[in-house]
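Each reported figure results from applying straightforward, stated rules to the coordinates on display, with no laboratory input. Because the structure is a prediction, the values reported are computed rather than measured. We place every Cβ from the backbone using ideal geometry, glycine too, and count neighbours over all the protein chains shown.
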Amino acid sequence: MQKLKSRFLLSLTGGVILLSAGVVLLLSNLEIITIDWEMVVGPLMAGIGMIFLLIFITNTSAWWSLIPGFVLIGLAINTFIDRYPGIIDHDISGAIMFASIGLPFIVIYLSNHQQWWALIPGGVLLTMAVSSLLPGETAYEGGLFFIGLALTFGLVYFLPKPSGRLQWALFPAGALLLLGVLTSLRAASLLRFLGPLTLLIIGGYLIYRSVQK
């Protein structure tokens, strides 16, 4: 029943959109009206995106509709930003696109924990969205990216799933976390102090154990 509702909704709204577009194009070609296409494209994409989200709301098994829905809304937001550059910095347009592609995967998991795989592309894309907000190409950006990936696999391990906790997720999480920390230390020029600091900690611990004994 839900699938029939989704198909009916998709067919109906698609027909209305095509019919409306045909009427507007005809009036424009007859020079009855003048169209500012930059003002039309953004709201049109947002409207179509909302239709895809409505399909998911009426039928949660149609999780695929979240992806075009969020992406079209993200494109609409960027179209608005490009038209009014003084409102929001252009640098966030990339972050908006990464987020609009990553968010539907998070919603897919939240709506159905059996779709735990969606956490991986969702986490990677949201990490890329946050990393792209950093100014320029810096080592901090690389460190943040690896730490974000580690957090993604950590969530794959800790968040509830029908199959229980996935032990394998801890291995990429640990490796990526270590890589992220080392990259961040290198960016902060602290990596050269890591070796001596490690020796001091180990040496101090051995002396402490000797005194305690």
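Listed from fewest to most Cβ neighbours within 10 Å, the set V23, V156 follows the order V23, V156. Rounded to the nearest Hz, the phi-derived 3J(HN,Hα) couplings of region 166-180 under the Karplus curve 6.51 cos²θ - 1.76 cosθ + 1.60 (θ = phi - 60°) are 9, 4, 4, 5, 5, 5, x, 4, x, 5, 5, 5, 4, 5, x, where x marks glycine and proline.
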